[in-house]
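Structure record follows, encoded as structure tokens.
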Amino acid sequence: MRELLRVPAGERPDVGRMDAAAIPAGPRDKAAGRAATAAMAPRLASLQERLYAAGTAGDRRRLLLVLQGMDTSGKGGTVKHVMGPLNPAGCRVKAFKAPTPEEREHSFLWRIRKALPQPGEIGIFDRSHYEDVLIGRVRGLAPRSELARRYTRINRFEESLAQEGVTVIKVFLHISYEEQRERLLARLDSPDKHWKFDPGDIEERGAWPAYQEAYERVLERCSTDAAPWFIVPADRKWYRDWAVSRLLLEHLEDMDPQYPRADFDVEECRSRLLAT
């Protein structure tokens, strides 16, 4: 899946022409998808435990999953399903909202650095530093020259993370204009989902073409060997969950963390314990 969904460095995908309900590979229907996602759970849990254990013995490696997408694309739902089989003690989840007054006093990467996973951890970002080039572009909050500098700073920042042992997985959850309407209507139709609805989302839909262009620029400028972007079709929730879980599994298997060797005499401790 990594090679299939990856955005090649320097290539600008035409997001508007991409089928958000596509099934590029893997299970072909919802029942099979849910079953396949559940089948990955034990392996994901095992690899996470090994990563966490290795971190306690000085292994500096960790993993960061970055989720971006339009409203209702399923960032929160993906976090819930991906984290399902994982031990919360080894996870660090951060949902980035509008910057606070304190955060505005610092570089846009300041709050990102504070939320990074520690060695042995899996970090998940619901939105990220990319908001500062996406919203910044669409809403005109920064001049184009500043946006160009931010792309460069982001690439340098992510390259430094890779050098520090952070495996970065950046996922664009691609949802269609029509599917977003249906999901927003579903929120209005359910009183228990009204808290998730923001009237401003209706106005934001008017900027859909601008957001698509902004995402295309991000995917073109910031998909690198150190931190590539992956595009996951997100109209089908079950496929979205399977694809992101699969990407996570493939990266963890490539990292291949190992349990640390005991730094004590195992047999001597066994003899002492049996004597008690």
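Descriptive notes on the structure:
- Matching residues in the range 214-246 - criterion: being of a type in the set (G, A, S) and open to solvent by 10 Å² or more (accessible area, probe 1.4 Å): A226
- Inside the range 7-33, residues that are surrounded by fewer than 16 Cβ atoms within 10 Å (Cβ to Cβ), at pLDDT 95 or above and not in a loop (DSSP other than H, G, I, E, B) make up a count of 3.
One line per residue, one yes/no per condition, for (1) among the aliphatic types (A, V, I, L, M); (2) within 20 Å of the chain's Cα centre (by Cα); (3) closer than 19 Å to D256 by Cα:
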position: P27; (1), (2), (3): no, no, no
position: K30; (1), (2), (3): no, no, no
position: A35; (1), (2), (3): yes, no, no
position: E49; (1), (2), (3): no, yes, yes
position: A54; (1), (2), (3): yes, no, yes
position: A57; (1), (2), (3): yes, no, yes
position: R61; (1), (2), (3): no, yes, yes
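- Only residues that are part of a helix (DSSP H, G or I) and either buried (at least 20 other Cβ atoms within 10 Å of the Cβ) or in contact with a Lys or Arg (Cβ under 7 Å, 6 or more places away or on another chain) (or both) were counted across the range 247-276, and they come to 6.
- For the range 221-228, the count of residues that are under 21 Å from A25 (Cα atoms) and either in contact with a helix residue (DSSP H, G or I) (Cβ under 7 Å, 6 or more places away or on another chain) or modelled with pLDDT of 95 or more (or both) is nonzero.
- The single condition among (1) within 19 Å of W229 (Cα to Cα); (2) surrounded by 13 or more Cβ atoms within 10 Å (Cβ to Cβ) that Q163 does not satisfy is (2).
- Residue among Q68, Q48 that is assigned to a strand (DSSP E or B) and polar (S, T, N, Q): Q68
- On inspection, K80 fails the criterion of being among the basic types (K, R) and not in a helix (DSSP H, G or I).
- Evaluation of R61 against (1) more than 23 Å from G165 (Cβ to Cβ); (2) open to solvent by 20 Å² or more (accessible area, probe 1.4 Å) (one fails), failing number: (1)
- Here the condition is being within 23 Å of D201 (Cβ to Cβ), polar (S, T, N, Q) and assigned to a loop (DSSP other than H, G, I, E, B); of S107, S128, it holds for S128 alone.
- Residues being among the aliphatic types (A, V, I, L, M) and either modelled with pLDDT under 95 or in contact with a Pro (Cβ under 9 Å, 6 or more places away or on another chain) (or both) - total across the range 233-245: 1
- The combined condition, being in contact with a helix residue (DSSP H, G or I) (Cβ under 8 Å, 6 or more places away or on another chain), touching a residue at least 40 places away in the same chain (Cβ under 8 Å) and open to solvent by 60 Å² or more (accessible area, probe 1.4 Å), is not fulfilled by G69.
- Residue identified as buried (at least 17 other Cβ atoms within 10 Å of the Cβ), modelled with pLDDT of 95 or more and in contact with a Leu (Cβ under 9 Å, 6 or more places away or on another chain) among I135, I175, I122, I112: I122
The values are calculated or read from the model by the stated rules, or taken from the named source; none is laboratory data. In this text, all values refer to a predicted model and were calculated from it rather than measured experimentally. Cβ atoms come from the backbone with ideal geometry, glycine included; neighbour counts cover every protein chain shown. The area values use the complete protein model at the heavy-atom level, side chains included, leaving out ligands, DNA and RNA. Shrake-Rupley method; radii C 1.70, N 1.55, O 1.52, S 1.80 Å.
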